[in-house]
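Read the figures in this text as sums done on the coordinates, not as results from a lab. Worth saying up front: this structure is predicted, and the values here are computed from it rather than measured. Note: ideal-geometry Cβ built from the backbone for every residue, glycine included; neighbour counts use all protein chains shown.
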Amino acid sequence: MKKIILLSLLCVVGFMPVKLSAQVNVNVNIGSQPLWGPVGYEHADYYYLPDIESYYDVTQRQFVSLNNGTWVFTRALPSRYSSYNLYNGYKVVINSPKPYLYFKDDKVKYAKFKGYKSQPVISRSSDPKYFIVKGHPKNINKVKNVQLKTKKIKIQNHGNAYGKGHGKGKH
């Protein structure tokens, strides 16, 4: 008898109107990306640089490279890479924490991009969304009426849990 009452109660609750609400935040960090960063990305945590098998942490603004088997974090490229041109080398955007822990996989996966030199970079882009990057030739301080904000999307459903309005009210 208890099972029948419980089952009946669940059925009744299942058809009651339910307000579902969700909010999606899209994190945009274009302004934090360096001028030599690749275009086409609203957000980047790290760049993997296949030519020198190193990473760049966009949020901390530091390079992550191996030195005698230890990951070293520096503001500038190590001296052994002083001839490397960041504007010409290929960058792979990686949005995961501590990607250098998966270096062996990245080294193999992205080896095909070694020597690739024609990736568009932020400093050469005419897309207004990049004008907020400090040092861009058309920096936002010189351009009016360009705004870039974190996007928020609200999704609401006033029907039941199945997404259709089978409850009371007009549809």
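Taken over segment 43-108, the ratio of Cα radius of gyration to 2.2 N^0.38 Å equals 1.01. With neighbours defined as other Cβ atoms within 10 Å of a residue's Cβ, the residues LEU101, LEU66, LEU49, LEU77 order from fewest to most as LEU101, LEU66, LEU77, LEU49.
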